[in-house]
């Protein structure tokens, strides 16, 4: 929630006033030249406002590969978020100077999407203190080291000095974090009890390494390796390293210690692990979370019912594979136990096992990229994708796998991170589907391609919503099946096991946050209905407590994309081209599901008309 609110309010998305539509009945008519000219002006204005927003967000600028305000951090005060919302509102007034009824179709869509972003910002502003600022899913205690290691490049002495500047300013950042935590405490928005053990362990581990000059000092180790790669005198390198060490010792470590002291006291005030219903105006807040993450008006009951039906359907598909592999029993639970315990489905719990996971991931990605992408897509991203192990300093608490977008300038590739902390937590039979989800044709295909689009303004290239982004990634797990991949039936079962995981999320997310399910009740539902290990089920359920509604976007988005594809296939027959369908889905950037449906319907009607002619 913190990230969602920040993205909404930090000015990365823009507002606009109503679009009446050029050429509408009774409206003014414009020439092609006038439409092109006015559209160009609107897009330039939107891009200028986006660039101004990036300039106010040093961290986002760095993520894009830019070095503006390179030694600074984002402002994390509530006053900053209020100001950003005021800037969005001012943008609405500024846009009135344009002829918004004299735009081409793509620019009309840009204006409409900007309008909807403002509505979401307004909708979310009321709930800006409801999100847990720090949890086992993230927070400055882990995000900042990850940012410096993975995003802050050191190509020059000036870049190194900017790194040191960021270290020296971390005290102020953590003071702002503490202010945010205090505000939430006053409102009785305190993370669930289980969160504290994870975060406390991470903070203590980081502090323990601050006085050392080895790999346990994450930031000094990273900074030193980057400085050593510079072609400068050894004396200058030593000077820079000494400054970094001093900043870590005198600023960074005390900031973490101050956070730990408060976190330890807050731990004493937390109670049970309850869902959103227990927060102030919890029911209304959860409805907002569902709207925000699904871009629909589905109710908690509808989410719950959809999940229940999908779990039953997928389990029927699973039983077919059980027969295919001649499993001795027709009990799904017995098959789940077999998958969890049989060593052949696990990697060796050693360095060889870790290397094998990374090698297998690269094999799956290379195969679909080199042999199948041209059959699926007309456009492909230029940015490469690399497979990386999660860094040691954060592997104990972050997700089992995740994607990190490339930089805009091409200096940093897309990254598919695999967590090797517990090797045996990565099931062999699930890795193929996991690669398709996180890398190709999933997140990398969608996110990297969107960044490279030049036919839409920047705010659409970098925006997103859970239902579209994660819906596409979950849909991407199924696409290779239609291309003849998942040749091992156990890998195909792995695909189904990951899909049922997302279907079960609908049930437990609504169960936790609307039906007052306990943590144990939710874990037991997962253990009964999915093939994942108890450790997986436990960590997933704990994630849902932290991010109400977020997990529902995956399956809701996938179901909509599949629904639209089936409609296109049925109505277009032999004129259906999956590559054109994927173009419609991907070449407009991340859009709400309602807008996606309109785009696909227009594609269907256009293709029908071309067929008749």
> Of everything in the range 183-194 that's assigned to a helix (DSSP H, G or I) and at pLDDT below 95, which residue is surrounded by the most Cβ atoms within 10 Å (Cβ to Cβ)?
Replying inline: 194
> Got at least one residue in the range 479-490 being within 20 Å of residue 362 (Cα to Cα), free of Cβ contacts under 8 Å to residues at least 12 places away in the same chain and not in a helix (DSSP H, G or I)?
Replying inline: yes
> Does residue 159 fit the bill of being surrounded by fewer than 22 Cβ atoms within 10 Å (Cβ to Cβ), in a loop (DSSP other than H, G, I, E, B) and not assigned by TED's automatic domain parsing to the domain that holds residue 73?
Replying inline: no
>> For the range 581-613, which positions are assigned to a helix (DSSP H, G or I) and over 23 Å from residue 466 (Cα atoms)?
In response: 602, 603, 604, 605, 606, 607, 608, 609, 610, 611, 612
> Would you say residue 541 is buried (at least 23 other Cβ atoms within 10 Å of the Cβ), within 18 Å of the chain's Cα centre (by Cα) and more than 30 Å from residue 599 (Cα to Cα)?
Replying inline: yes
> Would you call residue 475 in contact with a helix residue (DSSP H, G or I) (Cβ under 7 Å, 6 or more places away or on another chain), modelled with pLDDT of 95 or more and in a loop (DSSP other than H, G, I, E, B)?
Replying inline: no
> Restricting attention to the range 81-111, which residues are part of a helix (DSSP H, G or I) and surrounded by fewer than 17 Cβ atoms within 10 Å (Cβ to Cβ)?
Replying inline: 82, 83, 86, 89, 90, 92, 93, 94, 105, 106
> Mind checking which residues of the range 484-496 are surrounded by fewer than 15 Cβ atoms within 10 Å (Cβ to Cβ) and under 21 Å from residue 582 (Cα atoms)?
Replying inline: 484
> Listed residues 319, 354, 313; which is in the same structural domain as residue 402 (by TED's automatic domain parsing), in contact with a strand residue (DSSP E or B) (Cβ under 8 Å, 6 or more places away or on another chain) and either in contact (Cβ under 8 Å) with a residue 12 or more places away in the chain or assigned to a helix (DSSP H, G or I) (or both)?
Replying inline: 354
> Which residue out of 249, 296 is part of a loop (DSSP other than H, G, I, E, B) and either closer than 30 Å to residue 158 by Cβ or in contact (Cβ under 8 Å) with a residue 60 or more places away in the chain (or both)?
Replying inline: 296
> If we scan the range 117-140, do we find a residue that is surrounded by fewer than 21 Cβ atoms within 10 Å (Cβ to Cβ) and either in contact with a strand residue (DSSP E or B) (Cβ under 9 Å, 6 or more places away or on another chain) or on the phi > 0 side of the Ramachandran plot (or both)?
Replying inline: no
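The values are calculated or read from the model by the stated rules, or taken from the named source; none is laboratory data. Predicted, not measured: the structure shown is a model, and the values here were computed from it. Cβ sites come from the backbone with ideal geometry, for glycine too, and all protein chains shown count toward neighbours.
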